[in-house]
Amino acid sequence: MTNLIKYIILVGFSLLLITCNNTLQVSEAKSENKTVEKSIIISPSVDSLISPYRDSMKAQMDEVLNKTLVDLEVGVPEGLLGNFITDLTFSRVRNTIENEPDFCVLNNGGFRTPILKGPITRGKLFEVMPFENELVVVEISSDKMLDLIEYVRKKSLMAESRKSGVPVSNIRIMLSNGEVTHIMINNRQYREGRSYRVVTTDYLSGGGDQMDFFLDPISIEKTGLKLRDVIIDHVIELKKRDVAVNLALDGRIHNAE
Amino acid sequence: MEEYTTPNRRSFIKQIAVGSLGISTLSSFKALNLKSGLKKVTILHTNDLHSRIDPFPINHRKYPGLGGISKVATLVKQVKQEEDHVLVLDAGDVFQGTPYFNLYGGELELKLMSKIGYDACTMGNHDFDNGLDGFNKVLPNANFPFLCANYDFSNTVLDGKTTPYTIIEKNGIKIGILGVGIKLKGLVDQRQYKETIYLDPVEQANNYASYLKLKENCNLVICLSHLGYEYSDNKLSDKELAKKSKNIDLIIGGHTHTFLDKAETFYNKEGKKVLVNQAGWSALSLGRIDFYFDMKKSQKIDFEANRFYSKNYAEI
């Protein structure tokens, strides 16, 4: 009898152990990622979930916010689109933060499409600025400032392309035969040996577009403002005052040959 | 291990040695049953959907007519028709990238993912773009959990709204899934993440993975990660996590928008295989891994079982 109990206990224990011993484990794995091709058909039930949102979005994107009397395009060494956006950006940031910034630097590559003469829709401004870039104020050292000026100088002398020219505001750089002769910042003479507070985007402050002079700054201040929102707000604000977008080049970067 | 080699344990082992002989027929019977076909589970995954509800416009320079959550829905449905046991996962950055997010705050993205049948998702840095309040507001549109093992939301509105891990059973396979996110400081404005406490992702991933594998006896442990596939500097990436991990079988990544043809294989600190996959961004790619399971002897589980029993035995 005791032998039988012992046997039962023994079998019981062994059973438990077998259960723990043998477990479902991966014996093989196959992997293949699939491209989401153009040819894939969207199901009607999925589309009907999206369409109310899409329709309402389209209505909002088609809303005309204002009009421009001139073609706003990127240019080298300056362009109307760059001047327009850097100016409104600089003034908005100056009015938002406590410590006054000195000037503004953005990049032509960030403006994805021109704004041609005529109505300006909200959707157009989303096309110009599809990115969610936020505005920051970067304080850079005097050495980095020299690098920044050299960057602008080089880009200002390149043939016109998406990679050339640097849109700036509140700074004037005069070149003569490709060499820097005179710089004004905030209506004052540029002084070597001091740091400057530059308004730019979080993207560029991270060294985007090879703007390495923004890396390891003295300080960086977030503004909480998104570049696109700032552009939209400004265009709406002008409309409220019944002012259309209208500007001309002002020679803020100029190369005398 | 030494602490368990008591005289009691030795006699216990002896008993097992005798007992298992008699049982061997049972285990071969089980194996026979499985021969009709290995158990299979299919994992589908996306990352960095970035509010790409509709495909890219037909005149888009790089991706004309490609991508879109709406098309992923079709693909997932097709796979679910072909396969019985499918899991759909996402590795974060569902939000931001099209006006759908700017206008509706992510509501439609989560509604669509729920309709598609996503089983779990983790949070990416852009999922903080409307702040914790913005995320919290649209969260009820998701019928799947957000897995965040290394964001401590205790002092925020998201307290209790996310979970470190989840366990899903498919085809008798127990699958443990956990999620880890990227360091927020410097990447996300503090006003957005507020009092969120960032915990070490490797530590948290390993903690939860060992819990899932050893205590919950999960047959597969998946880590959803928004750390990024690889970096040129020493920033923590999925590749690094894989090497430093334990008890994780698959890392589904995001953040770096990396397109891989298939999951890559790495080896963890115990020399075991860890798969790492990522599927680009904007729903341009759907990641897929098919796992086949077999009844196998596991040395680790064996040890755990022994330890468990010998410990109890000794205590008695």
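The values are calculated or read from the model by the stated rules, or taken from the named source; none is laboratory data. Only a predicted model underlies this, so the values are computations on that prediction, with no experimental measurement involved. For neighbour counting, all protein chains shown are included, and Cβ atoms are generated from backbone atoms with ideal geometry for every residue, glycine included. Heads up: the accessible areas ignore ligands, DNA and RNA and are worked out on the full protein's heavy atoms, side chains in. Shrake-Rupley method; radii C 1.70, N 1.55, O 1.52, S 1.80 Å.
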- Message: Looking only at the range A:214-242, count every residue that is open to solvent by 40 Å² or more (accessible area, probe 1.4 Å) and among the aliphatic types (A, V, I, L, M) and tell me the total.
- Response: 4
- Query: Mind checking which residues of the range B:246-264 are in a strand (DSSP E or B) and under 16 Å from the mean Cα position of the chain (by Cα)?
  - Reply: B:LEU250, B:ILE251, B:ILE252, B:GLU264
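Would you point out which residue out of A:VAL166, A:VAL245 is touching a Lys or Arg at 6+ places or on another chain (Cβ under 6 Å), surrounded by 15 or more Cβ atoms within 10 Å (Cβ to Cβ) and closer than 22 Å to A:GLU78 by Cα?
None of the others qualify; the one that does is A:VAL166.
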- Message: So for the range B:50-69 (the condition being in a helix (DSSP H, G or I) and under 23 Å from the mean Cα position of the chain (by Cα)), does at least one residue qualify?
- Response: yes
- Task: Give the range B:105-133 a look and list any residue that's farther than 22 Å from A:LYS226 by Cα, open to solvent by less than 10 Å² (accessible area, probe 1.4 Å) and in contact with a helix residue (DSSP H, G or I) (Cβ under 6 Å, 6 or more places away or on another chain), or say none.
- Result: B:LEU108, B:LEU110, B:LEU112
- What tally of residues in the range B:91-120 results from selecting those that are among the charged types (D, E, K, R) and part of a loop (DSSP other than H, G, I, E, B)? 2
- Item | Residue among A:ASN95, A:ASN99 that is assigned to a loop (DSSP other than H, G, I, E, B) and surrounded by fewer than 18 Cβ atoms within 10 Å (Cβ to Cβ) | A:ASN99
- Message: Regarding the range B:54-77, can at least one residue be identified that is more than 8 Å from chain A (Cβ to nearest Cβ) and among the small types (Gly, Ala, Ser)?
- Response: no
- Task: Scan A:GLU37, A:GLU32, A:GLU73, A:GLU63 and give me the residue that is touching a helix residue (DSSP H, G or I) at 6+ places or on another chain (Cβ under 6 Å), within 14 Å of chain B (Cβ to nearest Cβ), at pLDDT 95 or above and open to solvent by 50 Å² or more (accessible area, probe 1.4 Å).
- Result: A:GLU63
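Matching residues to (1) away from chain B (no Cβ under 14 Å); (2) outside any loop (DSSP other than H, G, I, E, B); (3) on the phi > 0 side of the Ramachandran plot; (4) surrounded by fewer than 18 Cβ atoms within 10 Å (Cβ to Cβ):
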{"site": "A:GLY123", "(1), (2), (3), (4)": "no, yes, no, yes"}
{"site": "A:GLU127", "(1), (2), (3), (4)": "no, yes, no, yes"}
{"site": "A:GLU132", "(1), (2), (3), (4)": "no, no, no, no"}
{"site": "A:ASP147", "(1), (2), (3), (4)": "yes, yes, no, yes"}
{"site": "A:LYS155", "(1), (2), (3), (4)": "yes, yes, no, no"}
- Name the residues in the range B:256-299 that are open to solvent by 20 Å² or more (accessible area, probe 1.4 Å), at the interface with chain A (Cβ under 9 Å from one of its Cβ atoms) and without any contact (Cβ under 8 Å) to a residue 12 or more places away in the chain, would you? B:ASP261, B:THR265, B:LYS296, B:LYS297
- Message: Looking only at residues that are farther than 27 Å from B:LEU220 by Cα and open to solvent by 40 Å² or more (accessible area, probe 1.4 Å) in the range B:153-183, which one is nearest to the other protein chains (Cβ to nearest Cβ)?
- Response: B:VAL157
- at pLDDT 95 or above and within 23 Å of B:ASN47 (Cβ to Cβ), is that true of B:GLY179? yes
- Query: What number of residues within the range B:79-104 are more than 11 Å from every other protein chain (Cβ to nearest Cβ) and surrounded by fewer than 24 Cβ atoms within 10 Å (Cβ to Cβ)?
  - Reply: 9
- the range B:184-201, residues that are open to solvent by less than 70 Å² (accessible area, probe 1.4 Å) and either farther than 20 Å from B:LEU89 by Cβ or in a loop (DSSP other than H, G, I, E, B) (or both): B:LEU184, B:VAL188, B:ASP189, B:GLN192, B:TYR193, B:THR196, B:LEU199
- Task: Please state which of the following conditions B:LYS243 fails to meet, knowing it meets all the rest: (1) more than 17 Å from the chain's Cα centre (by Cα); (2) surrounded by fewer than 19 Cβ atoms within 10 Å (Cβ to Cβ); (3) modelled with pLDDT of 95 or more.
- Result: (1)
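Residues that are of a type in the set (Phe, Trp, Tyr), assigned to a helix (DSSP H, G or I) and either within 29 Å of A:VAL64 (Cα to Cα) or touching a helix residue (DSSP H, G or I) at 6+ places or on another chain (Cβ under 9 Å) (or both): does the range A:185-201 have at least one?
Going residue by residue through the range A:185-201, those that are of a type in the set (Phe, Trp, Tyr) are A:190, A:196.
Now drop any that are not assigned to a helix (DSSP H, G or I), which leaves none.
The answer is no; no qualifying residue exists.
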- Task: Determine whether the range A:205-228 contains at least one residue that is within 13 Å of A:VAL105 (Cβ to Cβ) and β-branched (Val, Ile, Thr).
- Result: no
- Task: With the condition kept exactly as written, say whether any residue in the range B:135-152 is over 22 Å from the mean Cα position of the chain (by Cα) and crowded, with 22+ Cβ neighbours inside 10 Å.
- Result: no
- Query: Any chance the range B:41-53 includes a residue that's within 9 Å of another protein chain (Cβ to nearest Cβ) and in contact with a Ser or Thr (Cβ under 7 Å, 6 or more places away or on another chain)?
  - Reply: yes
- Residues of the range B:121-156 being farther than 21 Å from B:THR196 by Cα and assigned to a strand (DSSP E or B), in sequence order, are none
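Which ones in the range A:202-248 are part of a loop (DSSP other than H, G, I, E, B), at negative phi, within 14 Å of chain B (Cβ to nearest Cβ) and without any contact (Cβ under 8 Å) to a residue 40 or more places away in the chain? I'd like the intermediate steps shown before the answer.
As a first pass, look at the range A:202-248 and keep what is part of a loop (DSSP other than H, G, I, E, B): A:206-207, A:211, A:215-218, A:241-244, A:246-248.
Still in the list and also at negative phi: A:206, A:211, A:215, A:217-218, A:241, A:243-244, A:246-248.
Going one step further and asking which of them are within 14 Å of chain B (Cβ to nearest Cβ), we end up with A:206, A:215, A:217.
Passing the criteria: A:GLY206, A:LEU215.
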- Query: What pairs can you find where one residue is in the range B:70-90 and part of a helix (DSSP H, G or I) and of a type in the set (Val, Ile, Thr), the other is at pLDDT 95 or above and surrounded by fewer than 19 Cβ atoms within 10 Å (Cβ to Cβ), and their Cβ atoms are less than 6 Å apart, with a gap of 6+ or different chains?
  - Reply: B:THR74/A:SER43
- The residue from B:GLY280, B:GLY254 that alone is closer than 20 Å to B:ILE177 by Cβ and modelled with pLDDT of 95 or more is B:GLY254
